[in-house]
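The values are calculated or read from the model by the stated rules, or taken from the named source; none is laboratory data. This is a predicted model, so every value here is computed, not measured. Here the Cβ is made from the backbone with ideal geometry for all residues, glycine too, and neighbour counts use every protein chain on show. The accessibility values were calculated without ligands, DNA or RNA, using every heavy atom of the protein model including side chains. Shrake-Rupley method; radii C 1.70, N 1.55, O 1.52, S 1.80 Å.
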Amino acid sequence: MENKPQPQKIEDDVVVSLDYTLFIDGQEVDSSKDTGPIHFIQGLGNIIPGLENELYDMTVGDEKSLDIKAEDAYGEIDEEAIIDIPRSEFPADLVLKPGAEIEIESQEGERYAAIILEATDEKVVLDFNHPLAGKNLVFEIKIVGLRNATEEELEHGHAHDPSSHSNHSI
Ligand code: ZN
């Protein structure tokens, strides 16, 4: 059923393969150089909106440098996502180091990652914001592949490349 011609430029429902390097405050913090390009379906919000919106009409080989404000990336820091929890709710022998990441399971069994901001005998302050919340991002990107999404991929809402590091999403 795949009679559509190969896409020549980025539009909705095209699977994009993208190489990127991410800089924050002039420092390189992440790159696809080691992991290989990421693959995602354009137009479905698989990646941050500030990046996705800039990709339309780009084609294989195109490169771009993008400044993306926090509000178009991982959002501003939400003070309500910084939560005090009594120390007594954690196992007594659990080491709680400020700066370390911890995973918390909700009563519904969902897991959330948080950064420990503070840990005293009385309370533990956890920050559930995305680590990149509040940050302005600079991406250097290069389009390395385009193809049509399969019907299965569109049903699932994500790309299926076996080589994909799709949990390494941006
Ligand atoms: Zn799937």
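How big is the C-alpha Rg of the chain next to the rule-of-thumb value 2.2 N^0.38 Å, as a ratio? Present the calculation step by step, with values, prior to reporting the outcome.
Numbers: Rg = 19.4 Å, N = 170, 2.2 N^0.38 = 15.5 Å.
Computed over Cα atoms of the chain, the ratio equals 1.25.
At a 10 angstrom cut-off on C-beta neighbours, averaged per residue, how do the peptides 149-161, 79-91 rank from highest to lowest? Kindly include the intermediate steps, with their values, before the conclusion.
On the way: 149-161: 15.0, 79-91: 11.7.
Listed from highest to lowest mean packing, they are 149-161, 79-91.
What distance in nm lies between label points placed 7 Å from Cα along the C-beta direction at Asp25 and Glu89?
If labels sit at Asp25 and Glu89, their model points lie 3.0 nm apart.
Using a probe of 1.4 angstrom, how much of the accessible area of the chain is carbon and sulfur, in percent? Provide the component values of the computation, followed by the final result.
Working: 4810 of 10470 Å².
C and S fraction of accessible area: 46 percent.
Let me confirm the definition first: pairs of Lys residues in the chain, 8 or more apart or on different chains, C-alpha distance under 17 Å. How many are there?
On the way: Lys9/Lys64; Lys9/Lys142; Lys33/Lys64; Lys33/Lys142; Lys64/Lys142; Lys69/Lys135; Lys97/Lys123.
Close lysine pairs found across the chain: 7.
Please give the peptides 101-112, 120-131 ranked by average Cβ packing (other Cβ atoms within 10 Å per residue), highest first, as a rough proxy for protection.
Numbers: 101-112: 9.2, 120-131: 14.9.
Ranked by mean Cβ neighbours within 10 Å, highest first: 120-131, 101-112.
What FRET efficiency do you get for Leu66 and Ile104 if R0 is 30 Å and r is their Cβ-Cβ distance, rounded to the nearest 0.05? Display every interim value, and only then the final one.
Values: r = 33 Å, r/R0 = 1.10.
My answer for the efficiency is 0.35.
Keeping all protein chains in place, calculate the accessible area per residue for the chain (probe 1.4 angstrom), answer in Å². Intermediate values should be presented prior to the final figure.
On the way: 10470 Å² over 170 residues.
Value returned for the chain: 62 Å² of accessible area per residue.
Using unit Cβ charges (K, R positive; D, E negative) and no other charged atoms, how large, in debye to the nearest 20, is the dipole of the chain about its Cα centre? Write down the numbers at each step before the final one.
On the way: 12 positive and 39 negative charges, 114 e Å.
Dipole of the chain, to the nearest 20 debye: 540 debye.
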